[in-house]
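The values are calculated or read from the model by the stated rules, or taken from the named source; none is laboratory data. Note that the structure is predicted; figures quoted are calculated from it, not measured. Reconstructed Cβ throughout: ideal geometry from the backbone, glycine too, with neighbour counts over all protein chains shown. The protein model used for the area step is the full one, side chains on, heavy atoms only, and it has no ligands, DNA or RNA in it. Shrake-Rupley method; radii C 1.70, N 1.55, O 1.52, S 1.80 Å.
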Amino acid sequence: NANLGLDVAYNFQHKYYAEAALSLVHSSRLPEGGRQGLSQSYTLGWSILDEPNEVWDYVKLSASASDLKTDLGINYYEYLGFYDTGGWWDWGGTGVPGSQAKHGPNSSLSFIDRKEVSLNLQASLYNKSLWFDLSYFTNSIEGQLIDGTSYVPSYFITYYPESSFASRINYNNDKRTGFDVSVNYKKEIGDWGFQAGVNATYYTTEATRRDDS
């Protein structure tokens, strides 16, 4: 596997921010001709305060969008047809050896996509004694692999002996929506210091596409 990355960031007077991160991904788990994918992420930020005041030290609002390619969940050579040794027992109790097809080839197998949009608010208060980070996100993991048994004739599959010429295909999609919260407090009293914090995540999940046939 190999990755070639590029990260470009710019800020205007430390008030407006922009960043783009690109990665050209190569995976040998995919068929030849489809082993490259482009992961990309973009962020815009705005520092709301012009200068600190009696309460607020720093407030920043940002938004991000990304489309990341991954081969996690895809086995090596899964784009090829696969056979295994097997067999069955006949009525006379005699074992019959054989080779059984486990799945057919798919020269169009591709990366799994993780698409995400997030909004983030960061702030520091009271001379940096209180700091919090709030994020809302929604992401979709698309093109997870299934056995495409619904897309081939029924005679491509036998149940005894168990064999299948159906190919592995990109199909299932899952969606997660939720938020992250991080709050930290620190205080110094003479030579002593105190710090406490809490982190929490809440999200809901939805299977947005399934092959139920």
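The table below lists the values:
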{"read-out": "Test: residue in segment 68-77 that is part of a strand (DSSP E or B) and closer than 30 Å to Ala123 by Cβ", "value": "yes"}
{"read-out": "Conditions (1) open to solvent by less than 30 Å² (accessible area, probe 1.4 Å); (2) in a strand (DSSP E or B); (3) of a type in the set (D, E, K, R): number failed by Arg176", "value": "(1)"}
{"read-out": "Arg29 being touching a His at 6+ places or on another chain (Cβ under 7 Å), open to solvent by 40 Å² or more (accessible area, probe 1.4 Å) and more than 30 Å from Leu130 (Cα to Cα)", "value": "no"}
{"read-out": "Any hit, segment 5-13, residues being within 23 Å of Lys115 (Cα to Cα), assigned to a strand (DSSP E or B) and open to solvent by less than 40 Å² (accessible area, probe 1.4 Å)", "value": "no"}
{"read-out": "Selection within segment 73-98 - hydrophobic (A, V, I, L, M, F, W, C) and at pLDDT 90 or above", "value": "Ile74, Leu80"}
{"read-out": "Matching residues in segment 129-159 - criterion: being touching a residue at least 24 places away in the same chain (Cβ under 8 Å), farther than 30 Å from Glu54 by Cβ and in a strand (DSSP E or B)", "value": "Phe137, Thr138, Asn139, Ser140, Ile141, Glu142, Gly143, Gln144, Leu145, Ile146, Asp147"}
